[in-house]
Amino acid sequence: MSVKILFVAATQVEAEVIKEIHGLRAIPGGYLLDNLEISLLVAGVGSVSTAWEMQRWISVNDKPDLAINTGIAGSYNKNIKIGDVVMPLTECFGDAGIEDGDNFLTLFEAGLIKPSQFPFINGLIQTDPYYAGILSGIVKPATGITVNTATGSDTTREKFVLKFNPDIETMEGATFFYICSKEKIPFFALRAVSNIVETRNRNNWDIKLALSNLAEKLNEVVLKLK
């Protein structure tokens, strides 16, 4: 029996890593690898585009047996360096909330959403525990935060560290987690660190290394899925 997998990436560059999977062959509408039937969705940068494209795809296709989000990320954790590949076990919407003077309150702290209202557990969305388990020896675990504006200042970095103490930052992760959880689609994400979250300096980024390592790690992960 075939296993239908949906790969979701924000950009075409990030999506290209799928082509580095050993033994992959193109078929009409996607790719095939042994018993894995793979569809690829380039969903765009940010939560809104990701939400729209994922919901549109789901509305016109059969639900996949597994969804995988791949791409790059920024690191807050000094032990997660540029080029490292991680699997976020939890995600949250870092800038969804209200300002109260100089204070920032999450939607949960403001009483607008209950912290354990599905799909949240204590304000976080958790990845599929089955895949977290089988991939635990292959990919570093991490905690993720999703924002609408990529962090590029020490002031914003410190705010998020104090509030969430995340390992990585993306612009789509929590949306992917949210939709898969709501749609009851098994899922996990792989993110390769392209930069440290700091005052923005593109000269310190290494997207090429991040994507190369992501492709390599993806091959290890796929061996576990076959």
One residue is enough: does the stretch 53-62 have a residue meeting the conditions touching a Gly at 6+ places or on another chain (Cβ under 9 Å), at pLDDT 95 or above and closer than 16 Å to N148 by Cβ?
no
Taking helices (runs of 4 or more DSSP H) that do not extend beyond the stretch 134-226, which have at least 3 residues that are surrounded by 21 or more Cβ atoms within 10 Å (Cβ to Cβ)?
173-182, 207-225
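Listed here are the residues, each with its yes/no results for (1) of a type in the set (A, V, I, L, M, F, W, C); (2) within 23 Å of Q55 (Cα to Cα); (3) touching a Gly at 6+ places or on another chain (Cβ under 6 Å).
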| position | (1), (2), (3) |
| --- | --- |
| F177 | yes, yes, no |
| P186 | no, yes, no |
| A192 | yes, no, no |
| I196 | yes, no, no |
| N213 | no, no, yes |
| K217 | no, no, no |
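I'd like the residue in the stretch 98-123 that is part of a strand (DSSP E or B) and within 21 Å of the chain's Cα centre (by Cα) and, out of all such residues, is nearest to T156 (Cα to Cα). First the steps, then the outcome.
Initial filter on the stretch 98-123 (part of a strand (DSSP E or B)): 98-100, 103-106, 121.
So of that shortlist, the ones also within 21 Å of the chain's Cα centre (by Cα) come out as 106, 121.
On the way: T106: 15, I121: 25 Å.
The selected residue is T106.
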So in the stretch 74-104, with the set limited to residues that are of a type in the set (G, A, S) and surrounded by 12 or more Cβ atoms within 10 Å (Cβ to Cβ), which one is farthest from A132 (Cα to Cα)?
G97
Of (1) over 29 Å from N219 (Cα atoms); (2) without any contact (Cβ under 8 Å) to a residue 60 or more places away in the chain, G94 satisfies every one except (2)
Just one listed residue, out of T151, T143, T175, is polar (S, T, N, Q), modelled with pLDDT of 95 or more and in contact with a Lys or Arg (Cβ under 6 Å, 6 or more places away or on another chain), and it is T151
Between a residue in the stretch 1-17 that is surrounded by fewer than 23 Cβ atoms within 10 Å (Cβ to Cβ) and any residue that is charged (D, E, K, R), which pairs come within a Cβ distance under 8 Å, given they are 6 or more apart or on different chains?
S2/E37; V3/E37; V3/D65; K4/E37; K4/D62; K4/D65; I5/E37; I5/D65
Selection from the stretch 4-32 of residues under 26 Å from V48 (Cα atoms) and either β-branched (V, I, T) or in a loop (DSSP other than H, G, I, E, B) (or both) yields I5, V8, A10, T11, V13, V17, I18, G29
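Residue by residue, here is whether (1) in contact with a Pro (Cβ under 9 Å, 6 or more places away or on another chain); (2) closer than 23 Å to S2 by Cα holds:
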| position | (1), (2) |
| --- | --- |
| N165 | no, no |
| S181 | yes, yes |
| R200 | no, no |
| W205 | no, no |
| K208 | no, no |
| E216 | no, no |
| E220 | no, yes |
Is there any pair with a first residue in the stretch 164-190 that is more than 18 Å from D128 (Cβ to Cβ) and in contact (Cβ under 8 Å) with a residue 12 or more places away in the chain and a second that is among the hydroxyl-bearing types (S, T, Y) and in a helix (DSSP H, G or I) whose Cβ atoms are under 9 Å apart and which are 6 or more apart or on different chains, and what are they?
M171/S47; M171/T50
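The values are calculated or read from the model by the stated rules, or taken from the named source; none is laboratory data. The structure presented is a predicted model; accordingly, all values stated were derived computationally and were not measured. FYI the Cβ positions are ideal-geometry reconstructions off the backbone, even for glycines, and counts take in every protein chain you see.
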